[in-house]
Amino acid sequence: MKLAVLPGDGIGPEIVAQAVKVLDALKSDGAKIEMETAPIGGAGYDAAGDPLPAATLALARAADAVLLGAVGGPQYDALDRPLRPERGLLRIRKELNLFANLRPALLYPELAGASSLKSEVVSGLDLMIVRELTGDVYFGQPRGIEVRNGERVGFNTMLYSESEVRRVAHVAFGIAMKRGKKLCSVEKANVLECSELWKEVMIEVAKDYPEVALSHMYVDNAAMQLIRAPKQFDTIVTGNLFGDILSDAASMLSGSIGMLPSASLDERNKGMYEPIHGSAPDIAGRNLANPLATILSVAMMYRYTFADLATADRIENAVKKVIAQGLRTGDIWTEGARKVSCSEMGDAVVAALAR
Ligand code: NAD
(Lines give C-alpha, C1' and ligand atoms only; values in the text may rest on other atoms or scores of the structure.)
Protein backbone atom coordinates (compact mmCIF):
# COMPACT_ATOMS: atom_id res chain seq x y z
CA MET A 1 0.00 0.00 0.00
CA LYS A 2 1.32 3.40 -0.95
CA LEU A 3 0.54 6.15 1.48
CA ALA A 4 1.04 9.88 0.87
CA VAL A 5 1.75 11.59 4.19
CA LEU A 6 0.91 15.32 4.22
CA PRO A 7 1.60 16.78 7.69
CA GLY A 8 0.67 20.40 6.84
CA ASP A 9 0.90 23.22 9.37
CA GLY A 10 0.67 24.03 13.06
CA ILE A 11 0.19 20.87 15.11
CA GLY A 12 -0.05 18.87 11.85
CA PRO A 13 3.56 17.61 11.88
CA GLU A 14 3.36 16.71 15.60
CA ILE A 15 0.18 14.64 15.36
CA VAL A 16 1.12 13.01 12.06
CA ALA A 17 4.45 11.92 13.58
CA GLN A 18 2.48 9.91 16.16
CA ALA A 19 0.33 8.28 13.47
CA VAL A 20 3.50 7.42 11.55
CA LYS A 21 4.87 5.73 14.71
CA VAL A 22 1.76 3.55 14.72
CA LEU A 23 2.22 2.74 11.01
CA ASP A 24 5.89 1.95 11.62
CA ALA A 25 4.89 -0.43 14.40
CA LEU A 26 2.44 -2.17 12.04
CA LYS A 27 5.20 -2.31 9.42
CA SER A 28 7.56 -4.02 11.80
CA ASP A 29 4.75 -6.56 12.32
CA GLY A 30 4.75 -7.25 8.59
CA ALA A 31 2.30 -4.70 7.16
CA LYS A 32 3.36 -3.65 3.67
CA ILE A 33 3.14 0.13 3.59
CA GLU A 34 5.31 2.59 1.74
CA MET A 35 5.12 6.15 3.02
CA GLU A 36 6.22 9.33 1.32
CA THR A 37 5.88 12.81 2.81
CA ALA A 38 5.06 16.07 0.99
CA PRO A 39 4.09 19.61 1.95
CA ILE A 40 0.56 21.02 1.76
CA GLY A 41 -1.18 24.18 2.98
CA GLY A 42 1.10 26.86 4.40
CA ALA A 43 4.00 24.41 4.19
CA GLY A 44 3.22 23.97 0.48
CA TYR A 45 3.19 27.73 0.02
CA ASP A 46 6.52 28.06 1.85
CA ALA A 47 8.12 25.26 -0.18
CA ALA A 48 6.70 25.92 -3.64
CA GLY A 49 4.56 29.06 -3.55
CA ASP A 50 1.38 26.97 -3.82
CA PRO A 51 -0.80 25.49 -1.03
CA LEU A 52 -1.11 22.37 -3.19
CA PRO A 53 2.24 21.98 -4.99
CA ALA A 54 2.08 19.97 -8.22
CA ALA A 55 4.46 17.36 -6.78
CA THR A 56 2.22 16.90 -3.73
CA LEU A 57 -0.85 16.42 -5.90
CA ALA A 58 1.03 13.93 -8.10
CA LEU A 59 2.10 11.96 -5.02
CA ALA A 60 -1.46 11.95 -3.68
CA ARG A 61 -2.83 10.79 -7.04
CA ALA A 62 -0.36 7.92 -7.21
CA ALA A 63 -1.03 6.81 -3.62
CA ASP A 64 -3.68 4.34 -2.43
CA ALA A 65 -4.51 6.63 0.47
CA VAL A 66 -3.53 10.01 1.88
CA LEU A 67 -2.91 10.83 5.53
CA LEU A 68 -3.25 14.53 6.29
CA GLY A 69 -2.55 16.52 9.46
CA ALA A 70 -4.07 19.99 9.27
CA VAL A 71 -3.47 23.22 7.38
CA GLY A 72 -3.56 26.92 8.16
CA GLY A 73 -2.08 29.50 10.47
CA PRO A 74 -2.27 33.22 11.18
CA GLN A 75 0.94 33.88 9.22
CA TYR A 76 -0.91 32.90 6.03
CA ASP A 77 -4.15 34.83 6.62
CA ALA A 78 -3.01 37.88 4.63
CA LEU A 79 -2.19 35.89 1.47
CA ASP A 80 -4.35 36.25 -1.63
CA ARG A 81 -7.31 33.89 -1.36
CA PRO A 82 -6.08 31.27 -3.92
CA LEU A 83 -2.75 31.01 -2.05
CA ARG A 84 -4.24 30.41 1.39
CA PRO A 85 -3.64 27.02 3.00
CA GLU A 86 -7.36 26.10 3.15
CA ARG A 87 -7.54 26.42 -0.65
CA GLY A 88 -4.97 23.65 -0.92
CA LEU A 89 -7.25 21.41 1.09
CA LEU A 90 -10.36 22.24 -0.94
CA ARG A 91 -8.40 21.65 -4.13
CA ILE A 92 -6.98 18.26 -3.15
CA ARG A 93 -10.47 17.05 -2.16
CA LYS A 94 -11.83 18.21 -5.50
CA GLU A 95 -8.84 16.94 -7.57
CA LEU A 96 -9.08 13.48 -5.99
CA ASN A 97 -12.87 13.56 -6.30
CA LEU A 98 -13.31 12.82 -2.60
CA PHE A 99 -17.03 13.46 -2.46
CA ALA A 100 -18.02 11.49 0.64
CA ASN A 101 -16.78 12.67 4.01
CA LEU A 102 -17.33 10.26 6.89
CA ARG A 103 -17.22 11.72 10.37
CA PRO A 104 -17.94 9.42 13.28
CA ALA A 105 -18.77 10.89 16.68
CA LEU A 106 -18.20 8.24 19.28
CA LEU A 107 -18.04 8.74 23.00
CA TYR A 108 -15.60 6.67 25.00
CA PRO A 109 -17.38 6.00 28.33
CA GLU A 110 -14.33 7.26 30.28
CA LEU A 111 -14.55 10.63 28.50
CA ALA A 112 -18.23 11.31 29.26
CA GLY A 113 -17.08 13.86 31.84
CA ALA A 114 -15.11 15.78 29.21
CA SER A 115 -18.23 16.42 27.13
CA SER A 116 -19.95 19.74 27.70
CA LEU A 117 -23.29 17.87 27.79
CA LYS A 118 -24.65 15.80 30.67
CA SER A 119 -23.18 12.33 30.59
CA GLU A 120 -26.61 10.63 30.43
CA VAL A 121 -27.30 12.58 27.21
CA VAL A 122 -24.08 11.49 25.50
CA SER A 123 -22.84 8.27 27.06
CA GLY A 124 -23.01 5.44 24.55
CA LEU A 125 -23.15 7.88 21.64
CA ASP A 126 -22.16 6.28 18.33
CA LEU A 127 -23.09 8.48 15.42
CA MET A 128 -21.82 8.69 11.83
CA ILE A 129 -22.22 11.85 9.78
CA VAL A 130 -21.78 11.47 6.02
CA ARG A 131 -21.13 14.90 4.57
CA GLU A 132 -21.04 15.58 0.83
CA LEU A 133 -17.70 17.23 0.24
CA THR A 134 -17.18 18.44 -3.31
CA GLY A 135 -20.36 20.34 -4.13
CA ASP A 136 -22.77 22.85 -2.61
CA VAL A 137 -22.21 26.50 -1.90
CA TYR A 138 -18.43 26.01 -1.46
CA PHE A 139 -17.96 25.20 -5.13
CA GLY A 140 -21.09 26.49 -6.94
CA GLN A 141 -20.64 29.16 -9.61
CA PRO A 142 -21.06 32.09 -9.85
CA ARG A 143 -19.36 33.32 -6.72
CA GLY A 144 -17.63 36.56 -5.83
CA ILE A 145 -17.71 40.04 -4.40
CA GLU A 146 -18.67 42.86 -6.76
CA VAL A 147 -20.17 46.33 -6.78
CA ARG A 148 -23.87 46.54 -7.55
CA ASN A 149 -25.91 49.73 -7.25
CA GLY A 150 -22.97 51.49 -5.67
CA GLU A 151 -22.30 48.99 -2.88
CA ARG A 152 -20.37 45.74 -2.57
CA VAL A 153 -22.32 42.50 -2.61
CA GLY A 154 -20.98 39.04 -1.81
CA PHE A 155 -22.58 35.99 -3.41
CA ASN A 156 -22.22 32.22 -3.65
CA THR A 157 -24.33 29.59 -5.36
CA MET A 158 -25.83 26.59 -3.58
CA LEU A 159 -25.93 23.92 -6.27
CA TYR A 160 -26.29 20.12 -6.37
CA SER A 161 -26.79 17.96 -9.43
CA GLU A 162 -28.84 14.82 -8.96
CA SER A 163 -25.84 12.62 -9.76
CA GLU A 164 -23.86 14.32 -6.96
CA VAL A 165 -26.68 13.65 -4.49
CA ARG A 166 -27.19 10.11 -5.72
CA ARG A 167 -23.57 9.00 -5.28
CA VAL A 168 -23.32 10.32 -1.72
CA ALA A 169 -26.72 8.80 -0.97
CA HIS A 170 -25.42 5.38 -2.00
CA VAL A 171 -22.38 5.75 0.28
CA ALA A 172 -24.61 6.82 3.19
CA PHE A 173 -27.14 4.03 2.70
CA GLY A 174 -24.26 1.53 2.43
CA ILE A 175 -22.84 2.73 5.74
CA ALA A 176 -26.27 2.76 7.41
CA MET A 177 -26.70 -0.87 6.29
CA LYS A 178 -23.53 -1.81 8.21
CA ARG A 179 -24.63 0.15 11.27
CA GLY A 180 -28.12 0.57 12.78
CA LYS A 181 -30.01 0.70 9.43
CA LYS A 182 -31.32 4.19 10.25
CA LEU A 183 -30.47 7.11 7.97
CA CYS A 184 -31.53 10.70 8.58
CA SER A 185 -31.18 13.07 5.61
CA VAL A 186 -30.69 16.67 6.73
CA GLU A 187 -31.60 19.61 4.48
CA LYS A 188 -33.64 22.79 4.35
CA ALA A 189 -36.25 21.78 1.79
CA ASN A 190 -38.83 24.14 3.25
CA VAL A 191 -36.97 27.15 1.79
CA LEU A 192 -34.24 25.94 -0.61
CA GLU A 193 -34.85 24.40 -4.05
CA CYS A 194 -31.42 22.81 -3.86
CA SER A 195 -32.58 20.95 -0.74
CA GLU A 196 -35.86 20.01 -2.40
CA LEU A 197 -33.93 18.16 -5.09
CA TRP A 198 -31.65 16.60 -2.44
CA LYS A 199 -34.67 15.19 -0.62
CA GLU A 200 -36.30 13.86 -3.81
CA VAL A 201 -33.12 12.01 -4.80
CA MET A 202 -32.70 10.55 -1.28
CA ILE A 203 -36.23 9.14 -1.50
CA GLU A 204 -35.47 7.64 -4.93
CA VAL A 205 -32.22 5.99 -3.76
CA ALA A 206 -33.97 4.64 -0.64
CA LYS A 207 -35.86 2.22 -2.90
CA ASP A 208 -32.57 0.32 -3.39
CA TYR A 209 -32.18 -0.10 0.39
CA PRO A 210 -35.54 -1.31 1.72
CA GLU A 211 -33.96 -2.40 5.02
CA VAL A 212 -32.83 1.13 5.88
CA ALA A 213 -35.34 3.44 7.57
CA LEU A 214 -34.91 6.85 5.92
CA SER A 215 -36.07 9.97 7.74
CA HIS A 216 -35.78 13.67 6.87
CA MET A 217 -34.99 16.62 9.10
CA TYR A 218 -34.50 20.35 8.53
CA VAL A 219 -31.01 21.48 9.42
CA ASP A 220 -32.12 23.93 12.12
CA ASN A 221 -34.03 21.18 13.90
CA ALA A 222 -31.11 18.77 13.40
CA ALA A 223 -28.78 21.25 15.12
CA MET A 224 -31.17 21.35 18.07
CA GLN A 225 -31.75 17.59 18.19
CA LEU A 226 -28.00 16.87 18.11
CA ILE A 227 -27.63 18.78 21.36
CA ARG A 228 -30.98 17.73 22.90
CA ALA A 229 -30.97 13.98 22.21
CA PRO A 230 -28.03 12.94 20.01
CA LYS A 231 -28.52 9.21 20.59
CA GLN A 232 -31.69 9.27 18.43
CA PHE A 233 -29.36 9.34 15.40
CA ASP A 234 -27.48 6.45 13.86
CA THR A 235 -26.29 7.74 10.45
CA ILE A 236 -26.85 11.25 9.11
CA VAL A 237 -26.33 12.29 5.49
CA THR A 238 -26.17 15.95 4.55
CA GLY A 239 -24.68 18.49 2.16
CA ASN A 240 -21.33 20.21 2.38
CA LEU A 241 -22.34 23.39 4.24
CA PHE A 242 -24.77 21.83 6.71
CA GLY A 243 -22.39 18.93 7.29
CA ASP A 244 -19.49 21.25 8.01
CA ILE A 245 -21.41 22.90 10.84
CA LEU A 246 -23.28 19.87 12.23
CA SER A 247 -20.20 17.67 12.36
CA ASP A 248 -18.30 20.26 14.40
CA ALA A 249 -21.25 20.50 16.79
CA ALA A 250 -21.31 16.69 16.99
CA SER A 251 -17.60 16.70 17.78
CA MET A 252 -18.23 18.49 21.06
CA LEU A 253 -20.66 15.77 22.12
CA SER A 254 -17.71 13.46 22.37
CA GLY A 255 -15.59 15.66 24.58
CA SER A 256 -12.90 16.97 22.31
CA ILE A 257 -12.31 17.82 18.73
CA GLY A 258 -8.94 16.10 19.30
CA MET A 259 -10.61 12.66 19.40
CA LEU A 260 -12.42 12.65 16.07
CA PRO A 261 -11.09 11.17 12.82
CA SER A 262 -12.52 11.49 9.35
CA ALA A 263 -12.38 9.81 5.99
CA SER A 264 -13.03 11.34 2.59
CA LEU A 265 -13.67 8.77 -0.11
CA ASP A 266 -13.92 8.65 -3.87
CA GLU A 267 -16.02 6.25 -5.90
CA ARG A 268 -13.45 3.46 -5.54
CA ASN A 269 -12.83 3.90 -1.80
CA LYS A 270 -9.50 5.60 -2.27
CA GLY A 271 -9.44 8.00 0.62
CA MET A 272 -7.89 10.91 2.40
CA TYR A 273 -7.81 10.50 6.15
CA GLU A 274 -7.48 13.39 8.58
CA PRO A 275 -8.53 14.57 12.02
CA ILE A 276 -11.51 16.91 11.88
CA HIS A 277 -9.74 19.66 13.80
CA GLY A 278 -7.54 22.40 12.40
CA SER A 279 -3.90 23.29 12.88
CA ALA A 280 -4.44 24.67 16.43
CA PRO A 281 -1.84 27.47 16.17
CA ASP A 282 -2.44 28.28 19.86
CA ILE A 283 -0.73 25.06 20.97
CA ALA A 284 1.47 24.28 17.94
CA GLY A 285 5.11 23.33 18.50
CA ARG A 286 4.60 22.60 22.21
CA ASN A 287 3.98 18.85 22.14
CA LEU A 288 0.54 19.40 23.69
CA ALA A 289 -1.82 18.30 20.91
CA ASN A 290 -3.99 15.22 21.12
CA PRO A 291 -2.81 12.81 18.38
CA LEU A 292 -5.68 10.33 18.84
CA ALA A 293 -7.93 11.78 16.10
CA THR A 294 -5.06 11.32 13.64
CA ILE A 295 -4.28 7.80 14.88
CA LEU A 296 -7.99 6.92 14.63
CA SER A 297 -7.90 8.29 11.08
CA VAL A 298 -5.31 5.59 10.32
CA ALA A 299 -7.78 3.03 11.71
CA MET A 300 -10.44 4.38 9.34
CA MET A 301 -7.94 4.07 6.49
CA TYR A 302 -7.56 0.37 7.25
CA ARG A 303 -11.34 -0.03 7.48
CA TYR A 304 -12.44 1.83 4.35
CA THR A 305 -9.55 1.88 1.86
CA PHE A 306 -7.49 -1.19 2.79
CA ALA A 307 -10.60 -3.21 3.86
CA ASP A 308 -8.47 -4.68 6.66
CA LEU A 309 -10.96 -4.65 9.50
CA ALA A 310 -8.74 -6.63 11.88
CA THR A 311 -6.01 -3.96 11.78
CA ALA A 312 -8.62 -1.19 12.07
CA ASP A 313 -10.00 -2.89 15.20
CA ARG A 314 -6.49 -3.39 16.53
CA ILE A 315 -5.68 0.33 16.31
CA GLU A 316 -9.06 1.35 17.78
CA ASN A 317 -8.62 -1.11 20.64
CA ALA A 318 -5.15 0.30 21.37
CA VAL A 319 -6.70 3.76 21.64
CA LYS A 320 -9.45 2.42 23.93
CA LYS A 321 -6.74 0.83 26.07
CA VAL A 322 -4.76 4.05 26.60
CA ILE A 323 -7.98 5.91 27.42
CA ALA A 324 -8.93 3.17 29.90
CA GLN A 325 -5.42 3.43 31.40
CA GLY A 326 -6.26 7.05 32.24
CA LEU A 327 -3.81 8.75 29.87
CA ARG A 328 -5.04 12.17 28.74
CA THR A 329 -3.68 15.05 26.69
CA GLY A 330 -4.69 18.48 28.00
CA ASP A 331 -7.85 18.81 25.87
CA ILE A 332 -9.48 15.70 27.42
CA TRP A 333 -7.87 15.88 30.84
CA THR A 334 -10.10 15.74 33.90
CA GLU A 335 -9.23 15.60 37.62
CA GLY A 336 -7.44 12.40 38.60
CA ALA A 337 -6.25 11.43 35.10
CA ARG A 338 -2.59 11.30 34.03
CA LYS A 339 -1.70 14.21 31.76
CA VAL A 340 0.61 13.25 28.90
CA SER A 341 2.21 15.02 25.96
CA CYS A 342 1.45 14.41 22.30
CA SER A 343 4.48 12.16 21.82
CA GLU A 344 3.86 10.26 25.08
CA MET A 345 0.33 9.53 23.89
CA GLY A 346 1.72 8.26 20.57
CA ASP A 347 4.20 6.00 22.41
CA ALA A 348 1.43 4.68 24.66
CA VAL A 349 -0.73 3.73 21.65
CA VAL A 350 2.24 1.94 20.06
CA ALA A 351 2.82 0.04 23.32
CA ALA A 352 -0.88 -0.84 23.50
CA LEU A 353 -0.75 -2.25 19.96
CA ALA A 354 1.55 -5.02 21.09
CA ARG A 355 -0.23 -8.34 20.87
P1 NAD B 1 -8.70 24.37 15.37
O2 NAD B 1 -9.45 23.11 15.20
O3 NAD B 1 -7.33 24.43 14.84
O4 NAD B 1 -8.64 24.74 16.93
C5 NAD B 1 -9.80 24.97 17.73
C6 NAD B 1 -9.45 24.73 19.21
O7 NAD B 1 -9.30 23.33 19.43
C8 NAD B 1 -8.13 25.37 19.63
O9 NAD B 1 -8.24 25.83 20.95
C10 NAD B 1 -7.13 24.22 19.56
O11 NAD B 1 -6.04 24.34 20.44
C12 NAD B 1 -8.00 23.03 19.92
N13 NAD B 1 -7.53 21.80 19.24
C14 NAD B 1 -7.67 21.49 17.93
N15 NAD B 1 -7.09 20.31 17.68
C16 NAD B 1 -6.58 19.86 18.84
C17 NAD B 1 -5.85 18.70 19.21
N18 NAD B 1 -5.53 17.72 18.36
N19 NAD B 1 -5.47 18.57 20.50
C20 NAD B 1 -5.78 19.51 21.41
N21 NAD B 1 -6.47 20.63 21.12
C22 NAD B 1 -6.87 20.81 19.85
O23 NAD B 1 -9.62 25.52 14.72
P24 NAD B 1 -9.32 27.08 14.52
O25 NAD B 1 -8.58 27.62 15.71
O26 NAD B 1 -10.63 27.66 14.14
O27 NAD B 1 -8.38 27.16 13.25
C28 NAD B 1 -6.95 27.24 13.31
C29 NAD B 1 -6.40 27.11 11.89
O30 NAD B 1 -6.73 25.81 11.38
C31 NAD B 1 -7.00 28.10 10.91
O32 NAD B 1 -5.97 28.54 10.05
C33 NAD B 1 -8.04 27.31 10.16
O34 NAD B 1 -8.29 27.79 8.88
C35 NAD B 1 -7.38 25.96 10.11
N36 NAD B 1 -8.31 24.82 9.96
C37 NAD B 1 -7.86 23.77 9.24
C38 NAD B 1 -8.63 22.63 9.12
C39 NAD B 1 -8.07 21.46 8.37
O40 NAD B 1 -6.88 21.45 8.08
N41 NAD B 1 -8.84 20.45 8.07
C42 NAD B 1 -9.87 22.55 9.75
C43 NAD B 1 -10.30 23.63 10.53
C44 NAD B 1 -9.51 24.76 10.64
* Asked: Do you know which of the residues in segment 7-24 that are more than 10 Å from the ligand (Cβ to nearest atom) and under 16 Å from the mean Cα position of the chain (by Cα) is farthest from residue 341 (Cα to Cα)?
  -> 7
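Out of 283, 236, report the one residue that is at pLDDT 95 or above, buried (at least 24 other Cβ atoms within 10 Å of the Cβ) and on the phi < 0 side of the Ramachandran plot.
236
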* So which residues in segment 277-336 are closer than 22 Å to residue 172 by Cα and within 13 Å of the ligand (Cβ to nearest atom)? -> 293, 296, 297
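Working carefully through the options 43, 58, 38, 65, find the one that is surrounded by fewer than 21 Cβ atoms within 10 Å (Cβ to Cβ) and modelled with pLDDT of 95 or more.
Among 43, 58, 38, 65, only 58 is surrounded by fewer than 21 Cβ atoms within 10 Å (Cβ to Cβ) and modelled with pLDDT of 95 or more.
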* To do: Read through the list (1) out of contact with any strand residue (DSSP E or B) (no Cβ under 8 Å at 6 or more places or on another chain); (2) away from the ligand (no atom under 13 Å from the Cβ); (3) touching a residue at least 60 places away in the same chain (Cβ under 8 Å), then give the number of the only condition that residue 74 fails.
  => (2)
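The values are calculated or read from the model by the stated rules, or taken from the named source; none is laboratory data. Quick caveat: nothing in here was measured; it's all calculated off a predicted structure. All Cβ positions, glycine included, derive from the backbone under ideal geometry; neighbour counts span all protein chains shown.
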